[in-house]
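Data first, discussion second: the structure below is written as structure tokens.
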Amino acid sequence: MDFQEYIKAELLILIPVLYIIGIGLKKSDFSNNKIPIILGISSVVLSSIWVFSTSDILNIKDVASAIFTSITQGVLLAGASVYINQLYIQRKKDDK
């Protein structure tokens, strides 16, 4: 199973972008439990911008499809970013 069946190749660049945003949030005064929510919202918004700017929207079905795609892509991308962060954290713990 290829991950590109789930995440559009054009949106993969958002994973490191979200990771960097997460690092910035971690260094700020944000609560750790709010960071994944903020990343999720950011990811859906950024995905929506891409989906709506690259889609031909002619009717309500196209709008619904674009919204669904934006949300699912955003959630998958935010999840991948948080997962990569957790892998990094766990690796640092194993090195100690």
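Points worth noting:
- Computed from the alpha carbon atoms alone, the convex hull of the chain holds 113 Å³ per residue.
- Using the Cβ-Cβ distance between Leu12 and Ile67 with R0 = 22 Å, the FRET efficiency computed as 1/(1 + (r/R0)^6) comes to roughly 0.60.
- Rounded to the nearest 0.05, the FRET efficiency derived from the C-beta distance between Ile89 and Asn59 at R0 = 35 Å is 0.20.
- Counting only alpha carbon atoms, the long axis of helix 35-54 and the longest principal axis of the chain meet at about 30°.
- Placing unit charges on each Cβ (+1 for Lys and Arg, -1 for Asp and Glu) gives the chain a dipole about its Cα centre, and among Val75, Ile35, Ile57 the Cα reaching farthest toward its positive end belongs to Ile35.
- Take Lys61: with every protein chain present and a 1.4 Å probe, its accessible area is about 150 Å².
- The packing ranking, built from the mean of other Cβ atoms within 10 Å per residue, places the peptides 63-70, 39-46, 50-57 in the order 39-46, 63-70, 50-57, highest first.
The values are calculated or read from the model by the stated rules, or taken from the named source; none is laboratory data. This structure is a prediction, so every number in the text was calculated from the model and none was measured. Note: ideal-geometry Cβ built from the backbone for every residue, glycine included; neighbour counts use all protein chains shown. Accessible surface is based on the protein model in full, side chains and every heavy atom, while ligands, DNA and RNA are left aside. Shrake-Rupley method; radii C 1.70, N 1.55, O 1.52, S 1.80 Å.
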